[in-house]
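Everything below concerns the one structure shown next.
The values are calculated or read from the model by the stated rules, or taken from the named source; none is laboratory data. Every value quoted in this text rests on a predicted model; they were computed, and no experiment measured them. We place every Cβ from the backbone using ideal geometry, glycine too, and count neighbours over all the protein chains shown.
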Amino acid sequence: MKLIPCPKVGTRPASEFVYGGLWRPMPDPDSTTDMAWSHYVFHRDGAPGVQREWWCHAPTGMWFVAERDTLKDEFLRTLTVAEAMKDLAHG
C-alpha cells in the first residue's frame, strides 16, 4: 500500500488524498504583465524530477504542498501552505 506523509495527521494511505496539480506561486494580478499572467496560466513544467505539488487530505480537507520526485514517485517532504510560502520567501 502506498503511503503519503501528511503534515497534519501523519502518514496515511494514498487513498485518503487528492492530487491538486503543480504548486506554483500566483503572480499579483494587479501588477503583473499580460505576458507573465499568460505564462502562469498556460505553461507547466512536466519534466520528471523533483516538483512541488498541491495535495489534499480528503477526510480533514487540509491542503498542503508536497515535494515529490515524479521520476521515482517518491514523496520527499510535505509542508503546510504557510511553510511553503515562507520557504519561497527565503529562496
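Before moving on, here are some points about what is shown:
- Residue that is among the β-branched types (V, I, T) and either in contact with a Phe, Trp or Tyr (Cβ under 9 Å, 6 or more places away or on another chain) or under 21 Å from K8 (Cα atoms) (or both), where the choices are T70, T78: T78
- In summary, strands (runs of 3 or more DSSP E) completely within the chain and bearing 3 or more residues that are not aliphatic (A, V, I, L, M) occur at 10-13, 17-22, 50-57, 62-69, 74-79.
- Cross-chain or 6+ apart pairs with Cβ under 9 Å, segment 74-91 first and more than 19 Å from I4 (Cα to Cα) and at pLDDT below 85, then part of a loop (DSSP other than H, G, I, E, B) and of a type outside the set (S, T, N, Q): L88/P25
- Figure legend. Inter-residue proximity from segment 28-48: first residues of a type outside the set (K, R), second residues surrounded by 10 or more Cβ atoms within 10 Å (Cβ to Cβ) and assigned to a helix (DSSP H, G or I), beta-carbon distance below 8 Å, spacing 6+ or different chains. Indicated pairs: P29/W37; T32/Y40.
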